[in-house]
4 protein chains.
Amino acid sequence: MSPLNEEQLQHIRDERKEQIMEAALKIFARRGIIGTKLSMIAAEAGMSQGLLYHYFKSKDELFVILIQQAIQASIDNMKTIYQLPGSPIEKLRTFTRLDNEGQLYFMLIHQARTSDGVPEKAKQLIEQYSLESYVVDILEPLFIEGQEAKEFAPGDPRKLISSYFTVVSALMTLNIHEDEAYEMPEVDLLLRIVTGRP
Amino acid sequence: MSPLNEEQLQHIRDERKEQIMEAALKIFARRGIIGTKLSMIAAEAGMSQGLLYHYFKSKDELFVILIQQAIQASIDNMKTIYQLPGSPIEKLRTFTRLDNEGQLYFMLIHQARTSDGVPEKAKQLIEQYSLESYVVDILEPLFIEGQEAKEFAPGDPRKLISSYFTVVSALMTLNIHEDEAYEMPEVDLLLRIVTGRP
Amino acid sequence: MSPLNEEQLQHIRDERKEQIMEAALKIFARRGIIGTKLSMIAAEAGMSQGLLYHYFKSKDELFVILIQQAIQASIDNMKTIYQLPGSPIEKLRTFTRLDNEGQLYFMLIHQARTSDGVPEKAKQLIEQYSLESYVVDILEPLFIEGQEAKEFAPGDPRKLISSYFTVVSALMTLNIHEDEAYEMPEVDLLLRIVTGRP
Amino acid sequence: MSPLNEEQLQHIRDERKEQIMEAALKIFARRGIIGTKLSMIAAEAGMSQGLLYHYFKSKDELFVILIQQAIQASIDNMKTIYQLPGSPIEKLRTFTRLDNEGQLYFMLIHQARTSDGVPEKAKQLIEQYSLESYVVDILEPLFIEGQEAKEFAPGDPRKLISSYFTVVSALMTLNIHEDEAYEMPEVDLLLRIVTGRP
DNA sequence: AATGAATGAGACTTCATTCAT
DNA sequence: AATGAATGAAGTCTCATTCAT
């Protein structure tokens, strides 16, 4: 009797969920969990507030799921650096250009780290994912290679990585607000931190 | 007639106002105006919520006054760089060490720039105070001197200043949260952006 | 898509708005805007306080809308006097009988005129609507006709009208409280002001 | 040792009480008990809020005491009509001119009758004092005399009195606000109610 | 599945009253 | 007696969440 079979229904459901998560990501990333009202997400997703509750138990749950997704995407993204063309410094230069996709995820994680009203569950997830345990481990081979090629300045590569990515991370959090008060530095200026050369 | 003379009363009032503003600065800086509940400020200041209203007309007014104070302190602070000892690069190195006092002010201004629910008055104040109009103007002579002494890398000094301070600013916003996930870079690493040398 | 069609929803909305406005009119009229607590309106309308805010932006807005309605109704009502049967004095006698509907509106306007905490917008509306500009203008022909027929006492008709309606207005403000301490005069007694005859 | 003896202290206390009551009467009469803030009374009386509580237990108590005083003054005032010169109609004409002193008392009583937040005690006092029991009783001889002299229209004198004073009372409540929208009728117009003559 | 009405807890704010001096 | 700081209860308003349809 049903005009749609189970598979089709599932498809619609998935689509709706995706719709909601995309909308929520956009807004959570910019405004944080407290500054985001469900009405904003509903409007951005083009549906009623009530419907959100068919797909997610609560605002908090939605936030946590996005955090999980963001962490996974960030790790995956980090690994792609090795597939970029060129020498280590060229790989790093290309990678540093702030891409819009990753930016939202990054900002979301930043919000979760620094704002209040973040669900406990999200905090735990964030704690596990840290520069130390992921970024540094992943990028260490690249930096060692760069130092051996004399492209990168000498010194503890792990410290160099975390310092560099702390700077990049910090800039991304500023950049998201597109605040004209801050002039985003050219990538080459940032790379000086790693290379020690103009 | 009064059992407490005017001087004593004034003392109490000043103390209370200071108490409130200190508490409010701490919390506003971390949580933004929306994330900050008056109950938090009252608790931090050790008084009832009602008393806050003897000293400030509203949450918004309190926020705006703190913004004014923060801007003034930031400008004053920036000018002290010329009184520091040593060459331009040494001045800049000493200045860059993030001092806790200025950090809260800085973070507050950052919150005002990037969060929602910021009073219109605060936005206007912030707009007037920008890297361009203050920081860059103040520091231009220092950077030109540094470039002439070959301590600093060549290129447009104004752009160099705003890039460098965007980075420093961004790091301050991270640092305020004392998040262990981010390793704060050594000052010398940051200075590479300006000097182009390891 | 919607489980309730637009028409049904509109019906619910209209009903609720009507419910609220009726309840609010009753209470505002008696207690003024300061003396009226939203909890009272909500209780009288049989709904939660929160729901009031789905239909009206604020207590002030609700008050202003009621004032607008009251003014319009008063003007409309005043004009109906010419459709009443009989001579001028008979028209006026019939018209003077205080009807319950108009009474609440009248009292609301009176509250807006005399109480504190009245929204600026409401004050402006009230100022435009005054005995002079409406009541007197509308009734002047009737009184002149009454004087020509020797039914009404001689003298400046405009002054007679405003005097008479000041008295009627004043009585309405008392009457609204149904206070047994005051005995409402018979209409014929009041008409003596106009006719100068027992 | 005390620089002031008991009598002098008592004198100061009485003066202060009088000061407060005068200020309170002014404000209560205009704004009602809800619309009156203690800060207003304190300011009007030229003293601190705290001091009010040395003389009166609460806002309510102060209100009740004023009501008692107002009732007594009204009754006393009513009796003076017989000392006025002239015929009954002339006595009534003179008496009707709204005197400022009595007006405040009257308005206070009106507020107590018609507003909310009135202490139970005040309501009880008001209930005892009514047109019926005081005004009508006091004025009945005057009206009978007026009717016998054919100055007043015939009919039940008690009803005539209460009707007339309801009108006068109602006008006083309007008059207190000095609202230009209402033109206060000439006394002679009002007297038509009683005399039935222009 | 989908909507939007409806609720209620919690936030900001006011103000009568109390307290320390 | 006198002051003004200090408190807390209550009122307006917002918004996450639930409910009826």
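The values are calculated or read from the model by the stated rules, or taken from the named source; none is laboratory data. Values in this document were obtained by computation on a predicted structure and should not be read as measured data. Neighbour counts run over all protein chains shown; Cβ positions are idealised from the backbone, glycine included. SASA here: full protein model, heavy atoms, side chains in, ligands and nucleic acids out. Shrake-Rupley method; radii C 1.70, N 1.55, O 1.52, S 1.80 Å.
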Response to the item:
Inter-part gap, Cα centre of region B:166-185 to Cα centre of region B:11-41, in whole angstrom, is 23 Å
Discussion item. Taking 25 Å as R0, compute the FRET efficiency from the Cβ-Cβ separation of B:Lys123 and B:Asn77 and round it to 0.05.
Written reply: 0.70
Item to complete: In whole Hz, with x marking every Gly and Pro, tabulate ³J(HN,Hα) for region B:28-37 from phi via Karplus 6.51 cos²θ - 1.76 cosθ + 1.60, θ = phi - 60°.
Response: 4, 4, 7, 10, x, 6, 6, x, 8, 9
Worksheet entry | Alpha-carbon centroids, region B:84-158 and region D:74-95: separation in whole Å | 83 Å
Discussion item. Can you sort B:Arg93, A:Arg13 by solvent-accessible area, 1.4 Å probe, largest first?
Written reply: A:Arg13, B:Arg93
Item to complete: Would you kindly work out, in nm and rounded to one decimal, the distances from the label point of A:Lys37 to those of the same position in each other copy, ordered shortest first, with label points 7 Å along Cα-to-Cβ?
Response: 1.9, 2.6, 2.8
Fill in: MRE, 222 nm, helices only [DSSP H, n ≥ 4, -39500 (n - 2.57), over chain B, to nearest 500]
-22500 deg cm²/dmol
Practice prompt. Mind checking A:108-114 for the average number of partner chain beta-carbons within 10 Å of each residue's beta-carbon?
Written response: 3
Discussion item. Over the protein assembly as shown, with the other protein chains present, what is the accessible area per residue in square angstrom, probe 1.4 angstrom?
Written reply: 49 Å²
Fill in: Chain A Cβ-axis minimum, rotational copy C, residue and distance in Å
A:Gly50, 4
Discussion item. For peptide B:151-158, what's the mean number of Cβ atoms from other chains within 10 Å of each residue's Cβ?
Written reply: 1
Discussion item. For the pair B:Glu148/A:Glu6, report the inter-label distance in nm, with labels modelled 7 Å from Cα in the Cβ direction.
Written reply: 8.1 nm
Fill in: Label spacing, shortest first and in nm, from C:Gly50 to its equivalents in the remaining copies (7 angstrom along Cα→Cβ)
1.5, 2.8, 4.3
Discussion item. Using +1 at the C-beta of Lys and Arg and -1 at the C-beta of Asp and Glu, which of D:Met184, D:Leu92, D:Ile109 has the Cα lying farthest in the positive direction of the dipole of region D:60-195?
Written reply: D:Leu92
Item to complete: Return a whole-number percent for the relative contact order of chain C, with Cα pairs under 8 Å and 6 or more residues apart as the contact set.
Response: 22 percent
Worksheet, complete the sentence: Rounded to the nearest 10 Å², the accessible area of A:Glu44 using a 1.4 Å probe with every protein chain kept is 90 Å²
Practice prompt. Please name whichever of C:Asn5, C:Ile138, C:Asn175 sits farthest to the positive end of the charge dipole of chain C, dipole taken about the Cα centre and charges placed at Cβ: Lys and Arg +1, Asp and Glu -1.
Written response: C:Asn175
Worksheet, complete the sentence: Expressed in square angstrom to the nearest 10, the accessible area of A:Arg113 with a 1.4 Å probe stands at 40 Å²
Item to complete: Set the Förster distance to 35 Å, then compute FRET efficiency between B:Asp188 and B:Gln69 from the Cβ-Cβ distance, nearest 0.05.
Response: 0.65
Worksheet item: For the protein assembly as shown, what is the charge dipole size about the Cα centre, in debye to the nearest 20, if Lys and Arg each add +1 at the Cβ and Asp and Glu each add -1 at the Cβ?
Response: 240 debye
Worksheet item: Expressed as an acute angle from 0 to 90° and rounded to the nearest 10, what is the orientation of the C-alpha long axis of helix A:137-148 relative to the principal long axis of chain A?
Response: 20 degrees
Worksheet item: Counting partner chain Cβ atoms within 10 Å of every residue's Cβ in D:173-180, what's the average?
Response: 4
Worksheet item: Hey, any idea what % of region D:62-198's accessible area is carbon plus sulfur with a 1.4 Å probe?
Response: 49 percent
Practice prompt. Run the dipole for chain A about the Cα centre, Lys and Arg Cβ at +1, Asp and Glu Cβ at -1, nothing else charged, and hand back the magnitude in debye, nearest 20.
Written response: 320 debye
Fill in: Residue-wise HN-Hα coupling along region D:104-116, computed from phi with Karplus coefficients 6.51, -1.76, 1.60 (Hz; x: Gly, Pro)
4, 4, 4, 4, 4, 4, 4, 4, 4, 6, 10, 9, 9
Fill in: Taking the convex hull of Cα positions in region C:60-195, its mean projected area over all directions (nm²)
8.3 nm²
Discussion item. Show me the ranking of peptides B:119-127, C:58-66, C:162-170, B:77-85 by mean Cβ neighbours inside 10 Å, starting with the highest.
Written reply: C:162-170, C:58-66, B:119-127, B:77-85
